[in-house]
Amino acid sequence: MPHPPYILREKWVQTQNGGELHVFLRHLDFLAETGGPLGEEERNERVEITVRRYLADKYAGSSIKTVKVFLGSMLLVTMAGGELGGKTGLGSQTAYAASTMQLYLNGVQCVACTPQMQNGHLIVPVRPVAEGLGGTVSFDSATRQVTVTRGALKMVFTIGSNQAVVGGRTITMEEPLTLIGSTSYVSAEFLARQMGANYVYDTYRSAAVLSMQPSEVYTVQSGDSLWKIATNRGTTVDAIQRLNGMTATAGLYPGEKLLIPAKAMLYTVQPGDSLWLIAARFNVTISAIKTANGLTTDTLTVGKQLTIPASAAPAPTAPTPAPTPTAPAPAPTTVTYTVVAGDSLSVIAARYGTTVTAIRTANNLTSDMIYVGQKLTIPSGTATPTPTPTAPAPAPAAGEYIVQPGDTLSGLAARYNTTVDAIKQASGMTGDSLIAGQRLMIPGYVPPPPPAESYLSGADPTAVAQLGNANFIFPFQSRTGYDPLRDTWGDTRTYNPTTGEYRQHEGTDIMAPSGTPLVSVGSGVITNYGWSELGGWRVTIRLDNTDYSVYYAHMSRYAPGLGKGVRVSKGQLIGYVGATGYGPEGTTGKFAPHLHFGLYDNAAGFAAINPYPFLKYWETRL
């Protein structure tokens, strides 16, 4: 049974209390027939009635324990399973099959781990989890004891006992060490707590996450989006997704628990920089920087922004020499600086020997956002930029390798002409055990790029047949003029000129400097042109020989000669990145410059579909 137009998607979720059906609404337009504005209580009541009728038709003869209805990430209605009986025709059969639980260690799925629920507690196999967290494991068959060590920490478990000896002290665990087949299982929460790892059990994704990376546990609130959480906590969407093993299309649910990486900073690569130099400067490891930014090689591009993760310990300092007489400090000086592409306040502060706070105070800035061409007063410090230190010769580039069944460190070292120690150092490993699916950094290994077609595997087959070919290109002219793509489809947006309520984002936002040229992805005819309160200066192009239209929004200006009904060709310049919209004509600057790119199915009543898979496909072919 197809979805009605107002339903975006459905998702079955396994929780500790059983299966739940989550229904995501595309909009609330179906309430328009009621005539006049509705209060929140009446609105939710009508939503429940409408969704209940739909479920009764689609799931007749099935039993649904709980239904939750969302608009974006905002929970509107919760319906208990008992209320779905009676006239709805929902019977005693089960409509949900529990999905397999997954476990992630330091952001990498542990495919060799098979978590289990026991008396309401999550238990995990000791060896792969403890070793994945940097420990070593041994088993004494005579005493039936398992010993886990990590540095000075020593833990001894006995099969069948809920008493563990940790550092010489006896501690009671939530569950006894349990033998399932030939594998010993321990409480995930207890093991994480004793080894100093952070831990969450995400019932909504049926996943457990354990990580040694500095992080905090966060409970998702109604109205949250990954972008909002990342912005409020000084990290990035990619870093949150990577740490929690989330896919680019994963949604959020109020009450869901996530690990949020400790506050990171953004650094813009300067001429002469290398990963080695940046890691030393910020007292982090090369592996940590590469993991935080999804880098697979050591190659850097000047102007690229890197996320620098929080360091586990402060950088060591040299002994303080005896003070020597110095001349009086010169009076504070200032200099006027014009912002260029790639700049950030932290970069400018470091360049002029001052601080971000001092620059913000001197310029009355309320945030760290700056734009190309902006004039800044740089206080104190040196009136001329400090020279960039010369970087040492970089180490051989290391590529990311996914461990396959049967792999060993010695075998990989021989295959790629390196050493076991070099692989362990590049990968931040302490032990020699490997787990299928584990990510390693191997010096000298060049990973093959993913085929462009791989990005289309989950997209609509009709759209793939029409758009997944050489007739279409990426909307940017090169791969260096924008931030790395991320899937923003379904994120919550708060600006809504129609109802004032939260809305769900229907497109992909590509962050780029204002003024970056934009080209048409294919040949077609312009069907919409001009100002839109929501999209600012925007243009819609109906693509030739397809059922689809593309939408460019928030542009700073158009290319000459465009207008409604004008034909454009593939690769033709149509405009420039901007930050227009969210108000009357001419409104700009209410958000960072970016391209909002939308994709619409004309044959389905101009229904929005996720453009991200197609953008990745076209980008890969640049």
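The values are calculated or read from the model by the stated rules, or taken from the named source; none is laboratory data. This one's a predicted model, so the numbers in the text were calculated from it and none came from an experiment. FYI the Cβ positions are ideal-geometry reconstructions off the backbone, even for glycines, and counts take in every protein chain you see. For the accessible areas, the whole protein counts, side chains as well, though only heavy atoms, and no ligand, DNA or RNA atoms are used. Shrake-Rupley method; radii C 1.70, N 1.55, O 1.52, S 1.80 Å.
Determine the alpha carbon to alpha carbon distance for each of Lys11/Lys257; Lys304/Lys616; Lys375/Lys590; Lys304/Lys564; Lys228/Lys304; Lys68/Lys257 and list only those over 29 Å. Those over the limit are Lys304/Lys564. In this rough spin-label picture, where each label sits 7 Å from Cα along the Cβ direction, the Val420-Lys564 distance is 7.2 nm. Across the stretch 545-558, rounded Karplus estimates of 3J(HN,Hα) from the backbone phi angles (6.51 cos²θ - 1.76 cosθ + 1.60, θ = phi - 60°) give 6, 9, 9, 10, 10, 10, 10, 10, 10, 6, 5, 7, 6, 9 Hz, Gly and Pro being marked x. Taking Lys and Arg as +1 and Asp and Glu as -1, the other residues whose beta-carbon sits under 13 Å from that of Thr462 total -3. Note that the stretch 108-189 shows a convex hull volume over its alpha carbon atoms of 96 Å³ per residue. Ranked by the mean number of other Cβ atoms within 10 Å of their residues, highest first, the peptides 125-134, 43-52 come out as 125-134, 43-52. So how much slack lies between Arg439 and Gln118, counting 0.36 nm per residue of separation and subtracting their Cα-Cα distance, in nm? Extra length available between Arg439 and Gln118 comes to 112.6 nm. Excluding ligands, DNA and RNA, what is the solvent-accessible area per residue of the stretch 182-223 at a probe of 1.4 Å, expressed in Å²? Value for the stretch 182-223: 32 Å² per residue.
With the simple spin-label model, which puts each label point 7 Å out from Cα in the Cβ direction, the Ser138 to Glu216 separation comes to 4.0 nm. For Ile171, the shell of other residues with beta-carbons less than 14 Å away shows a net charge of 0, using +1 for Lys and Arg and -1 for Asp and Glu. Most tightly packed first, judged by the mean number of other beta-carbon atoms within 10 Å of their residues, the peptides 528-536, 181-189, 253-261 read 253-261, 181-189, 528-536. Computed from the C-beta positions of Thr355 and Thr430 and an R0 of 45 Å, the FRET efficiency is 0.75 to the nearest 0.05. Of the trypsin sites (Lys or Arg not before Pro) found in the stretch 526-622, the ones in coil according to DSSP and having at most 16 other Cβ atoms within 10 Å of their Cβ are Lys564, Lys570, Lys590, Arg621. Dividing the Cα radius of gyration of the stretch 468-622 by its Kirkwood radius returns 0.93 for Rg/Rh.
What a 1.4 Å probe finds exposed on the stretch 507-587 is 50% carbon and sulfur by accessible area, rounded to a whole percent.
Each peptide in 105-111, 298-304 was scored by the mean count of other Cβ atoms within 10 Å over its residues; highest first, the order is 105-111, 298-304.
Our coupling estimate for the stretch 122-130, obtained by passing each phi through the Karplus curve with A = 6.51, B = -1.76, C = 1.60 and θ = phi - 60°, is 7, 10, 9, x, 5, 4, x, 6, 4 Hz, Gly and Pro reported as x.
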